[in-house]
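These notes concern the structure reproduced below.
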Amino acid sequence: MPQALQGKKIAILAADGVERVELEQPQGAVHGAGATTELLSIHPGEIQARQFDLVSAGTFPVDKQVRDASVDDYDALLLPGGTVNPDQLRISSDALGFVKAFVATGKPVGSICHGPWTLVEADVVRGHRLTSWPSVRTDLRHAGADVVDQDVVVDRQFTTSRGPQDLPAFCAAIVEQFAKTPQRASG
């Protein structure tokens with residue numbers, strides 16, 4: 001399945017505090033399968049990455065502010081973790097509006113570690129089976145999700161994983177799930 005994502009465009013939504021490996025490895029997996037990506041954020045310029053939430057781990061250039069992005073331009077959405085990243089996205093009306101609109105399309109969404117916090121705040125997890133970092137699970141349950149402790153969980157359009165230790169399984173699963181999206185007409 002080396003070019004399973006040829007012609008697909010993936011939105012990566014992240015903010016300062018993103019866990020570097022949780023953005024970089026999935027991005028590399030989808031690029032390796034032929035997709036292109038755009039990093040969307042709540043501010044222009046660059047976002048600060050972290051390692052284990054505590055150690056500065058460089059920056060990523062922002063391709064577009066999420067308020068200027070259209071869900072119609074993307075075939076799938078990736079929400080990486082890191083504690084600070086989704087906490088910032090949760091208080092951004094632009095980010096939440098994008099996530100809600102994206103989920104409403106039925107297109108696939110991959111989220112790892114603390115990334116599902118943004119899904120909780122967007123109120124889109126009710127009735128879905130998900131996993132996450134342990135400290136996020138109570139929030140998922142309170143939001144109506146069926147929470148399990150597995151390396152990767154695929155439930156309809158959502159693919160979720162617990163954290164960096166699950167990146168190999170997560171990356172393989174998102175490539176497989178993102179490949180199922182029908183090709184966009186143009187854009």
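The values are calculated or read from the model by the stated rules, or taken from the named source; none is laboratory data. Fair warning: this is a prediction, and the values are worked out from it, not measured in the lab. All Cβ positions, even for glycine, are placed from backbone atoms using ideal geometry, and neighbour counts span all protein chains on display. Quick note on the areas: whole protein, heavy atoms, side chains included, nothing else; ligands and nucleic acids left out. Shrake-Rupley method; radii C 1.70, N 1.55, O 1.52, S 1.80 Å.
Peptides 47-56, 149-158 ranked from most to least packed by the mean count of surrounding Cβ atoms within 10 Å: 149-158, 47-56. Inter-label distance, D87 to R156: 3.1 nm, where each label sits 7 Å from its Cα along the C-beta direction. Based on the convex hull around the alpha carbon atoms, the stretch 125-187 presents an average projected area of 5.1 nm². Calculated mean residue ellipticity at 222 nm for the chain: -8500 deg cm²/dmol, from DSSP H runs with n ≥ 4 weighted as -39500 (n - 2.57), summed, divided by the residue count and rounded to 500. Summarising the label geometry, the points placed 7 Å from Cα in the beta-carbon direction at D94 and D123 lie 2.3 nm from one another. The phi torsions of the stretch 20-30, fed into the Karplus equation with coefficients 6.51, -1.76 and 1.60 and a -60° offset, translate into couplings of 3, 5, 7, 9, 5, 5, x, 4, x, 5, 6 Hz, rounded to whole numbers, with Gly and Pro shown as x. Rounded to 0.05, the FRET efficiency of the A172 and D146 pair, given R0 = 30 Å and the Cβ-Cβ distance, is 0.85. On full extension, the segment bounded by D73 and V55 gains 3.1 nm, given 0.36 nm per residue less the C-alpha separation. Counting only protein heavy atoms and using a 1.4 Å probe, what share of the accessible area of the chain belongs to carbon plus sulfur, as a whole percent? Carbon plus sulfur share of accessible area: 51 percent.
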